[in-house]
Structure formats: structure tokens, C-alpha cells
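Everything on this sheet refers to the single structure shown next.
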Amino acid sequence: MLSDVSLPLAATNEAFFRLAFEQSPIGAAMVGLDFRFVRVNTALCRMTGYTEAELLARSFPEITHPDDLALDLHLTEALKASEIDHYTLEKRYVQKSGAPIWIKLTGTLVKDEGGEPLYFLAMVEDMSERRGFLAALHESERRLRAILAPMYPFIGLLTPEGVVIEANQSALVFGGLSRPDAIRPPCW
């Protein structure tokens, strides 16, 4: 609970939230309505390879991968129009080195008491490791299918309830089934 946090007497809510923003383990940015970075934290700088000063001299479209920019701009416009209150998407930033980095961005529009837009707030998580694990998993599945597919014996993987979650081509042909008709994802 927030009330259990002991702060020095001189600490204000603003100081507390400034520290939380700056020391967050995920990237955080305040972005102006013109899309320029207004404030960034250390995690975002580390993720992108830019210093704080370098990011503050840029806009988020300048570091967004060109293939991902249109959707992001569309969603920020939907925020401005109050069509949505936040959005989350996976996209790429282009690091200072020029290398792409996959991120998960959650963005919202901060408004004043009268409902007037002040700035965007972006929370940014590095998804590179997760995407690497998923790519390795997909490659492993592809190799397993390539090994099993040409085998003449019927090979299948079933749940204890008898639901087929994998089968080679021989088993599908014998059963007169197509892969989408026969294969059900595991339920565990």
C-alpha cells in the first residue's frame, strides 16, 4: 500500500512519482502532442542506446521502425479523439546503432482536470528476449514436423483424453483428415 511507504517529510507526491518514473525498470516517456519526447527515463535510454539529451531532441516517429509507424500514429490520433483510452502494441524502435529492437508499448493520453490533452504517457518493455525464445520454439517445432512428416508409420501425439495435438502426414492421410481439422491445441 502506498500509505505504508515511508518518505522523508519534505517529499511530495510529485517527488515520489518522479522517482518512480525515473527508476522504473521498464522504459517510460512523456511525449508532447507534437510527438516529441518531453521526459524519458534511464531504462528507455538504455533500451534505445540514446542519451537522455539525444532522445529529448527527437520525436517518437524518428525512432520508430518505418514499417510500424502508421499503426502507432493511427492509435495516437485515436487517443487524441477520445476514441480509445489507451493502447498496447508490439512494434520496433530503431536503436541509435541502427539495429531494430522489438518493444511492447502501452500508451495513453494524460489530460488536465478540464479534459484537455496535456501529453502522451508511454510505458515501454523490451521484447527482444521473448521474441528470441518464440523464434527458437517455432524453429524447433518446424524441425520436429520436418522429421515426422515423411515417416511412413502413423505418428501422433494425443492428450490423455484422446485429443490429437500433433500428427504426421501418414496419420492424417490414413484418417482422411487435414491438419486444421485434426489438430487441436493442447489444453494444459
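A few notes on this one:
- Sequence-distant residues sharing a close amide H with HIS65 (under 5 Å, placed H): ARG92, TYR93, VAL94
- FRET efficiency, 1/(1 + (r/R0)^6) with R0 41 Å, evaluated for ARG145 and VAL110 via beta carbons: 0.30
- For MET127, residues with placed amide H under 5 Å, excluding near neighbours: TRP102, ILE103, LYS104
- Equivalent ellipsoid semi-axes, region 1-144, via Cα gyration tensor eigenvalues times 5, rooted, Å: 29, 20, 16
- Accessible surface of ARG142 - all protein chains present, 1.4 Å probe, nearest 10 Å²: 130
- For ARG39, distant residues with modelled amide H under 5 Å away: MET30
The values are calculated or read from the model by the stated rules, or taken from the named source; none is laboratory data. What you see is a predicted model; the values in this text were computed from it and never measured. Please note: Cβ atoms are built from the backbone with ideal geometry, for glycine as well, and neighbour counts cover all protein chains shown. Note: accessible area is taken over every heavy atom of the protein model, side chains too, but ligands, DNA and RNA are not part of it. Shrake-Rupley method; radii C 1.70, N 1.55, O 1.52, S 1.80 Å.
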